[in-house]
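The values are calculated or read from the model by the stated rules, or taken from the named source; none is laboratory data. Since the model is a prediction, treat every value here as computed from it, not as a measurement. FYI the Cβ positions are ideal-geometry reconstructions off the backbone, even for glycines, and counts take in every protein chain you see. Each accessible area value is taken on the protein alone, full model and side chains, heavy atoms only, with ligands, DNA and RNA left out. Shrake-Rupley method; radii C 1.70, N 1.55, O 1.52, S 1.80 Å.
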Amino acid sequence: MRRMNLETDFNYRNLTLKDDYEGAVSACFISAKENQGGRAAALYLHGFVDYFFHPHVAAQFLAHDIDFYALDLRKYGRVLDCHPHPNYCRDIHEYFEEIDLAIECICEQGEVPLYLLGHSTGGLISSLYAA
């Protein structure tokens, strides 16, 4: 299995979201450059005070013929910007907007089976979203 690099093996796309109670917010949609489209896909959601920085996880999915995507949720990681309250939300459901947009991006390649993979708080968000 090839060792992947965050700087060279992934594409990063800023997703503009609706303003919230603190102003402008965005999320970062991440896709592995080795994705092929037309096959099952995994969308990774990080935990609290976290972001996507696990290329070895992506490599495992790709090695098993599953395209890999991730999100840096609003006010986290690559989209911290200058928010007065990083990693803050009033309601977990706020994250559904960027999950919806990420799924739309994935489906641009065609409809495929999609797996939500959540670490820690990302698991809570994934479970609530799936319900």
Search result, residues across region 88-107 that are of a type in the set (F, W, Y) and either under 25 Å from R3 (Cα atoms) or in a helix (DSSP H, G or I) (or both)
Y95, F96
Within region 88-112, which residues are at pLDDT 95 or above and open to solvent by 80 Å² or more (accessible area, probe 1.4 Å)?
R90, H93, E104
From D65, D100, residue being more than 22 Å from V25 (Cβ to Cβ), out of contact with any Gly (no Cβ under 8 Å at 6 or more places or on another chain), without any contact (Cβ under 8 Å) to a residue 40 or more places away in the chain and acidic (D, E)
D65
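Looking at D9, D81, D67, can you tell me which residue is among the charged types (D, E, K, R) and at pLDDT below 95?
After ruling out the rest, the residue left standing is D81.
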Restricting the first residue to region 1-14 and requiring it to be touching a residue at least 24 places away in the same chain (Cβ under 8 Å), which pairs with a second residue that is of a type in the set (S, T, N, Q) meet a Cβ separation below 9 Å and a spacing of at least six or different chains?
M1/Q60; F10/S31; Y12/S31; R13/S31; N14/S26
Among the numbered conditions (1) more than 12 Å from the chain's Cα centre (by Cα); (2) of a type outside the set (V, I, T); (3) surrounded by 15 or more Cβ atoms within 10 Å (Cβ to Cβ), tell me where A131 comes up short.
(3)
